[in-house]
Amino acid sequence: MTGCGRSDQAAALWNAFSACHGADRDAFIVRSDAASRLINRTIEIYKGLEAETGQAVGWHPCGQMRIARQPGRLDEYRSYMNVAEAIGAEARLLTAREALEIWPLIESPEGILGALYHPGDGWVSPTDVTMALLKGARDRGARVQEQARVTAISARRGGGWTLATTAGEWLCEQLVLATGTYARDTGAPLGLE
């Protein structure tokens, strides 16, 4: 898959429950350059994943607007514009009237000092993204074991990992815990918080 690296020796352990959460939003307004770049790259992957795999990802570009009703918040949005420019994220500071033009459900511009607007933001269906990623991995030769619960994770002497699962034991050189809200639970056996 685009930019996802080599997968000829990759494996994916997937449990259907992990893909059954509500729609995600990509929150653009982060103060970290690395996190902002990660979000931009993720959106690029979402946009290209469907074309590459033929599997819909449910990408809905709807934009994102954050309203400032306090001077401190507007200052924060002005400061963020430097980050947006540095990472190439499309962002605009809006007046109250401009915010009302984009989002007419705002009852009144009264009390609104300005807004931060990201027209390229959107949301995806997590289940659809999971299915597209799995299809892409399979298409590239990765082994996929569905409905496999990882029961133990241990470091191997000399490097790598052993995963005990309900579908048998898996050995891997690298381990990525992509478990979202369950990261604390899956990381705990490794001493991670």
Scan the stretch 174-190 residue by residue and report those that are farther than 14 Å from residue 152 by Cβ and more than 17 Å from the chain's Cα centre (by Cα). 174, 184
Residue 84 fails exactly one of the following numbered conditions: (1) in contact with a strand residue (DSSP E or B) (Cβ under 9 Å, 6 or more places away or on another chain); (2) farther than 29 Å from residue 39 by Cβ. What is the number of that condition? (2)
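Residue by residue through the stretch 156-177, note down the ones that are outside any strand (DSSP E or B), surrounded by 12 or more Cβ atoms within 10 Å (Cβ to Cβ) and not β-branched (Val, Ile, Thr). Before the answer, list the steps.
Residues of the stretch 156-177 that are outside any strand (DSSP E or B), as a first pass: 156-160, 166-167, 173-177.
Cutting the leftovers down to surrounded by 12 or more Cβ atoms within 10 Å (Cβ to Cβ) gives us 160, 166-167, 175, 177.
Passing the criteria: 160, 167, 175, 177.
Does residue 10 fit the bill of being under 30 Å from residue 164 (Cβ atoms) and either buried (at least 17 other Cβ atoms within 10 Å of the Cβ) or at pLDDT 75 or above (or both)?
Numbers: under 30 Å from residue 164 (Cβ atoms): yes; either buried (at least 17 other Cβ atoms within 10 Å of the Cβ) or at pLDDT 75 or above (or both): yes.
It is true that residue 10 is under 30 Å from residue 164 (Cβ atoms) and either buried (at least 17 other Cβ atoms within 10 Å of the Cβ) or at pLDDT 75 or above (or both).
Hey, any hits in the stretch 79-89 for a residue that's among the hydroxyl-bearing types (Ser, Thr, Tyr) and under 25 Å from the mean Cα position of the chain (by Cα)?
Going through the stretch 79-89, the residues among the hydroxyl-bearing types (Ser, Thr, Tyr) turn out to be 79-80.
From the residues that got through so far, the ones that are under 25 Å from the mean Cα position of the chain (by Cα) too are 79-80.
Checking the stretch 79-89: at least one residue is among the hydroxyl-bearing types (Ser, Thr, Tyr) and under 25 Å from the mean Cα position of the chain (by Cα).
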Residue list for the stretch 65-90, filter: open to solvent by less than 70 Å² (accessible area, probe 1.4 Å) and at pLDDT below 90: 79, 80, 81, 83, 84, 86, 87, 88, 89
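If we scan the stretch 94-111, do we find a residue that is in a strand (DSSP E or B), in contact (Cβ under 8 Å) with a residue 24 or more places away in the chain, open to solvent by 50 Å² or more (accessible area, probe 1.4 Å) and within 29 Å of residue 58 (Cβ to Cβ)? I'd like the intermediate steps shown before the answer.
Going through the stretch 94-111, the residues in a strand (DSSP E or B) turn out to be 94.
With the extra rule that they be in contact (Cβ under 8 Å) with a residue 24 or more places away in the chain, the set shrinks to 94.
Cutting the leftovers down to open to solvent by 50 Å² or more (accessible area, probe 1.4 Å) gives us none.
There is no residue in the stretch 94-111 that is in a strand (DSSP E or B), in contact (Cβ under 8 Å) with a residue 24 or more places away in the chain, open to solvent by 50 Å² or more (accessible area, probe 1.4 Å) and within 29 Å of residue 58 (Cβ to Cβ).
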Among residues of the stretch 116-155, those that are part of a loop (DSSP other than H, G, I, E, B), surrounded by fewer than 19 Cβ atoms within 10 Å (Cβ to Cβ) and of a type in the set (D, E, K, R), counted: 2
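The values are calculated or read from the model by the stated rules, or taken from the named source; none is laboratory data. Computed from a predicted structure; not experimentally measured. Here the Cβ is made from the backbone with ideal geometry for all residues, glycine too, and neighbour counts use every protein chain on show. The area values use the complete protein model at the heavy-atom level, side chains included, leaving out ligands, DNA and RNA. Shrake-Rupley method; radii C 1.70, N 1.55, O 1.52, S 1.80 Å.
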